[in-house]
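Written below as structure tokens is the structure these notes are about.
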Amino acid sequence: SPAYFIPLAEECGLMQDLGTLVMHRAMTDAHRWPGLKVAVNVSATQMRYPGFVQQMKDLLAETGTEACQIEIEITEGVLLNDDNATQMILRDLRHLGFSIALDDFGTGYSSLGYLSRYPVDKIKIDRSFVSNLGVDPEAEAVIRAIVKLSKALNLNILAEGVETRAQKNILRQVGCNIIQGFLFSRAVPVA
């Protein structure tokens, strides 16, 4: 599980190399799949690496991929320091054409200020809220609030971890039309 090996890679100092390998593969695949966008998780450690933006430019050139084919997914932890350097990195990435998604929204240190200060294109509702749809009325209330917030800020919204038709139907009713999860497909091989 990434929850196990990512912290271990960060602790061992391997996150930058692992991240570069994953990004290279994602860009190579994106280049082979015109018209599709590939989402790639980027850790705070990777993003704060000196020269990260230049490395991304180099990978684009090497793979022949256009930045608009890649969505960079960050967690709220990346925004925790609320520093100018992170803001500039995200702005530079957006300027290059990458889109930015805030992954696992609502599970960390959510702040409305983050959404106005950082150049984010999409919010991804964490699966922990989705899994309780139809079971816990508060889950639906939270998702409704996130959807309204996203629409007010003109952000795209995606729900993760959709496994049942009931969850899908509730999400559609509250206005979340981009959904992903095992209801549609498990992970599939690249081919």
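Listing for the model above:
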item	result
Where a residue in segment 148-161 is at negative phi and its partner, wherever it lies, is open to solvent by 70 Å² or more (accessible area, probe 1.4 Å) and not in a strand (DSSP E or B), with Cβ under 7 Å and at least six apart	L158/Q180; E160/R127; E160/Q180
Spans of helices (runs of 4 or more DSSP H) in segment 47-134 with at least 1 residues closer than 23 Å to Q180 by Cα and modelled with pLDDT under 90	112-117, 127-130
Test: residue in segment 153-169 that is among the charged types (D, E, K, R) and touching a helix residue (DSSP H, G or I) at 6+ places or on another chain (Cβ under 9 Å)	yes
Hits in segment 8-28 - residues which are over 18 Å from the mean Cα position of the chain (by Cα), over 15 Å from M56 (Cβ atoms) and in contact (Cβ under 8 Å) with a residue 24 or more places away in the chain	E10
Answer residue from segment 135-164, given it is assigned to a loop (DSSP other than H, G, I, E, B) and among the polar types (S, T, N, Q) and is least open to solvent (accessible area, probe 1.4 Å) among those	T164
Residue match in segment 2-14 (condition: assigned to a loop (DSSP other than H, G, I, E, B), out of contact with any strand residue (DSSP E or B) (no Cβ under 8 Å at 6 or more places or on another chain) and not aliphatic (A, V, I, L, M))	yes
Yes/no for H31 being within 19 Å of the chain's Cα centre (by Cα) and either within 28 Å of I178 (Cβ to Cβ) or outside any loop (DSSP other than H, G, I, E, B) (or both)	no
Answer residue from segment 40-78, given it is hydrophobic (A, V, I, L, M, F, W, C) and open to solvent by 70 Å² or more (accessible area, probe 1.4 Å) and is farthest from R25 (Cα to Cα) among those	C68
Selection from segment 166-186 of residues that are over 19 Å from A152 (Cβ atoms), outside any loop (DSSP other than H, G, I, E, B) and among the polar types (S, T, N, Q)	Q167, N169
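For every residue, the table says whether it meets (1) open to solvent by 40 Å² or more (accessible area, probe 1.4 Å); (2) in contact with a His (Cβ under 7 Å, 6 or more places away or on another chain); (3) under 19 Å from C68 (Cβ atoms).
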{"residue": "R91", "(1), (2), (3)": "yes, no, yes"}
{"residue": "A101", "(1), (2), (3)": "no, no, yes"}
{"residue": "K122", "(1), (2), (3)": "no, no, yes"}
{"residue": "A166", "(1), (2), (3)": "yes, no, no"}
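The values are calculated or read from the model by the stated rules, or taken from the named source; none is laboratory data. Values in this document were obtained by computation on a predicted structure and should not be read as measured data. Because the Cβ atoms are built from the backbone with ideal geometry, glycine has one as well, and the counts that use them run over all protein chains shown. When the accessible area is computed, the model is the full protein with side chains, heavy atoms only, and any ligands, DNA or RNA have been set aside. Shrake-Rupley method; radii C 1.70, N 1.55, O 1.52, S 1.80 Å.
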